[in-house]
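Asks: The structure's right below; bear with me while I get my questions together.
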Amino acid sequence: MSGSLVNALTLQVITGLQLGAIYALIALGLTLIFGTLGVVNFAHGALYILASYAAVLVAGHTNFVLAVVLVPVFLFLVGIVMERGLIRFFYDRPHTDQILVTFGLAIVIQEALKWAFGANNIPFPLPPWGNGVVFLHEYLPFLEGFVVFPKWRLILVGVSLLVVVGLFLLLQFTTFGLTVRAGMREPDMMRFLGVDVTKRFAVVFGLGALIAGVAGVFGGPITQVSPEVGMAILVPSFLVVVIGGMGSLPGALVAALILGLALSFSAEYAAVQQIVVYLIAVVVLLVRPRGLMGKKGVFE
């Protein structure tokens with residue numbers, strides 16, 4: 001294999017990882033909320049773009065590091081308010097009702113952002129430590145010649161990995177995670193034991209919104225910042241959830257990686273690039289109707 005071909009394949013794989021990282025962050029929040037609360041949240045894309053706008057404002061008036069800290073916390077609080085003020089009334093309602101009400105909420109957020117900031121894209125400047133490129137040939141000895149990749153996109157991949165690991169540790173090795181998983185299986189029993197499951201469900205929804213906040217802060221400079229971006233990125237992110245299996249966090253990660261690589265390797269064929277995403281969904285669902293790692297009875 002020639003050196004130029006190895007270089008090109010390496011760049012496409014890394015680009016696929018970066019594309020998959022954005023979808024993975026958004027899909028993780030979607031999957032976490034559905035897998036634990038049983039709620040299909042079509043407002044999740046709106047939370048992503050709300051976080052991007054908030055990050056632009058905070059970074060513009062202070063610094064980007066403060067935006068990294070404050071914006072996810074702000075989205076966590078927004079998620080708590082959403083769950084307590086609206087979503088909790090739809091836990092026992094059909095999924096179609098949940099889709100309609102959260103989709104309507106997404107439209108409200110989108111139009112509110114248009115009213116406040118206008119319909120056009122607004123600039124999201126990168127911090128000085130995120131500008132520039134990484135010289136891949138200095139770290140990957142099998143590359144030949146001069147090979148570079150935008151530093152910010154690699155930072156996004158690293159942040160996504162940290163979020164995935166942190167979420168796994170939280171749900172698998174903490175009392176909170178154990179309580180949440182037990183509460184979803186036997187909520188009445190947990191209440192009899194004196195555990196306030198309702199408060200923990202609110203925290204889970206807030207946690208899903210917090211992950212969308214992280215995605216908005218680090219993904220905003222890449223996807224741009226305009227009101228329509230939320231809806232545009234929700235569709236492929238929801239496909240990631242469906243392909244991976246509704247409610248499956250590992251499935252969402254695998255599906256995000258597959259879609260990211262598919263989009264990267266089909267980039268030269270712009271006319272069919274978006275079709276590839278739906279073709280993958282069709283093929284996977286034909287072979288495995290519940291998704292790659294979906295469980296029986298979920299969303300059926």
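The values are calculated or read from the model by the stated rules, or taken from the named source; none is laboratory data. Nothing here was measured: the structure is a model prediction, and the numbers come from that model. Note: ideal-geometry Cβ built from the backbone for every residue, glycine included; neighbour counts use all protein chains shown.
Asks: Yes or no: the stretch 9-18 includes at least one residue that is closer than 18 Å to Val81 by Cβ, assigned to a helix (DSSP H, G or I) and touching a residue at least 12 places away in the same chain (Cβ under 8 Å).
Replies: No, the stretch 9-18 contains no residue that is closer than 18 Å to Val81 by Cβ, assigned to a helix (DSSP H, G or I) and touching a residue at least 12 places away in the same chain (Cβ under 8 Å).
Asks: Restricted to the stretch 277-290, and to residues that are modelled with pLDDT under 85 and surrounded by 15 or more Cβ atoms within 10 Å (Cβ to Cβ), which residue is farthest from Phe149 (Cα to Cα)?
Replies: The residue in question is Arg290.
Asks: Restricting attention to the stretch 199-228, which residues are in contact with a Ser or Thr (Cβ under 7 Å, 6 or more places away or on another chain), surrounded by fewer than 24 Cβ atoms within 10 Å (Cβ to Cβ) and modelled with pLDDT of 90 or more?
Replies: Result: Val225, single match.
Asks: I'd like to check something: does the stretch 248-256 contain any residue that is modelled with pLDDT under 85, under 30 Å from Gly177 (Cβ atoms), part of a loop (DSSP other than H, G, I, E, B) and not acidic (Asp, Glu)?
Replies: yes
Asks: Here is a further query. On the basis of being surrounded by 13 or more Cβ atoms within 10 Å (Cβ to Cβ), at pLDDT 90 or above and farther than 19 Å from Leu5 by Cα, does Leu154 make the cut?
Replies: On the way: surrounded by 13 or more Cβ atoms within 10 Å (Cβ to Cβ): yes; at pLDDT 90 or above: yes; farther than 19 Å from Leu5 by Cα: yes.
Taking the combined requirement at face value, the residue satisfies it.
Asks: Does Leu77 satisfy being of a type outside the set (Asp, Glu) and either touching a Leu at 6+ places or on another chain (Cβ under 7 Å) or without any contact (Cβ under 8 Å) to a residue 40 or more places away in the chain (or both)? Don't jump to the end; show me each part of the working.
Replies: Working: of a type outside the set (Asp, Glu): yes; either touching a Leu at 6+ places or on another chain (Cβ under 7 Å) or without any contact (Cβ under 8 Å) to a residue 40 or more places away in the chain (or both): no.
The answer is no for Leu77.
Asks: Could you check how many residues of the stretch 80-100 are closer than 20 Å to Gly206 by Cβ, touching a residue at least 12 places away in the same chain (Cβ under 8 Å) and not β-branched (Val, Ile, Thr)?
Replies: Kept after step one, since they are closer than 20 Å to Gly206 by Cβ, are these residues of the stretch 80-100: 80-91, 98.
Then keep just the ones that are touching a residue at least 12 places away in the same chain (Cβ under 8 Å); that gives 80, 82-84, 86-88, 90-91, 98.
Of the ones still in play, those that are also not β-branched (Val, Ile, Thr) are 82-84, 86, 88, 90-91, 98.
Of the residues in that region, 8 qualify.
Asks: Out of the stretch 4-31, which residues are over 20 Å from Trp152 (Cβ atoms) and surrounded by fewer than 24 Cβ atoms within 10 Å (Cβ to Cβ)?
Replies: Matches in the stretch 4-31: Ser4, Leu5, Val6, Asn7, Ala8, Leu9.
Asks: I've got another one for you. Looking at (1) surrounded by 15 or more Cβ atoms within 10 Å (Cβ to Cβ); (2) over 17 Å from Ala24 (Cα atoms), can you tell me which one Glu138 breaks?
Replies: If we test Glu138 against (1) surrounded by 15 or more Cβ atoms within 10 Å (Cβ to Cβ); (2) over 17 Å from Ala24 (Cα atoms), just (1) comes out false.
Asks: Related question: Could you tell me how many of the residues in the stretch 61-77 are under 17 Å from Val204 (Cβ atoms), of a type in the set (A, V, I, L, M, F, W, C) and surrounded by 21 or more Cβ atoms within 10 Å (Cβ to Cβ)?
Replies: Here is the first cut: in the stretch 61-77, the residues under 17 Å from Val204 (Cβ atoms) are 72-73, 75-77.
Filter again for of a type in the set (A, V, I, L, M, F, W, C), leaving 73, 75-77.
Now drop any that are not surrounded by 21 or more Cβ atoms within 10 Å (Cβ to Cβ), which leaves 75.
Of the residues in the stretch 61-77, 1 are under 17 Å from Val204 (Cβ atoms), of a type in the set (A, V, I, L, M, F, W, C) and surrounded by 21 or more Cβ atoms within 10 Å (Cβ to Cβ).
Asks: What are the residues in the stretch 101-126 that are over 22 Å from the mean Cα position of the chain (by Cα), part of a loop (DSSP other than H, G, I, E, B) and touching a residue at least 40 places away in the same chain (Cβ under 8 Å), if any?
Replies: Answer for the stretch 101-126, where residues must be over 22 Å from the mean Cα position of the chain (by Cα), part of a loop (DSSP other than H, G, I, E, B) and touching a residue at least 40 places away in the same chain (Cβ under 8 Å): Ala119, Asn120.
Asks: Restricting attention to the stretch 127-166, and to residues there that are of a type in the set (Gly, Ala, Ser) and free of Cβ contacts under 8 Å to residues at least 60 places away in the same chain, which single residue is farthest from Gly220 (Cα to Cα)? Reasoning before the result, please.
Replies: Pass one, the stretch 127-166, residues of a type in the set (Gly, Ala, Ser): 130, 132, 145, 158, 160, 166.
Subset that is free of Cβ contacts under 8 Å to residues at least 60 places away in the same chain: 132, 158, 166.
Details: Gly132: 17, Gly158: 16, Gly166: 22 Å.
So, considering only residues that are of a type in the set (Gly, Ala, Ser) and free of Cβ contacts under 8 Å to residues at least 60 places away in the same chain, the one farthest from Gly220 (Cα to Cα) is Gly166.
Asks: Another question, then. Does any residue in the stretch 42-70 that is touching a residue at least 40 places away in the same chain (Cβ under 8 Å) and under 20 Å from Val163 (Cα atoms) come within less than 8 Å, Cβ to Cβ, of a residue that is part of a loop (DSSP other than H, G, I, E, B) and of a type in the set (S, T, N, Q) six or more places away or on a different chain, and which pairs are these?
Replies: Partner pairs satisfying both residue conditions: Ile49/Ser226.
Asks: Give just the number: which of (1) out of contact with any strand residue (DSSP E or B) (no Cβ under 9 Å at 6 or more places or on another chain); (2) aliphatic (A, V, I, L, M); (3) farther than 19 Å from Ile22 by Cα does Leu136 not satisfy?
Replies: In the conditions (1) out of contact with any strand residue (DSSP E or B) (no Cβ under 9 Å at 6 or more places or on another chain); (2) aliphatic (A, V, I, L, M); (3) farther than 19 Å from Ile22 by Cα, Leu136 misses (1) alone.
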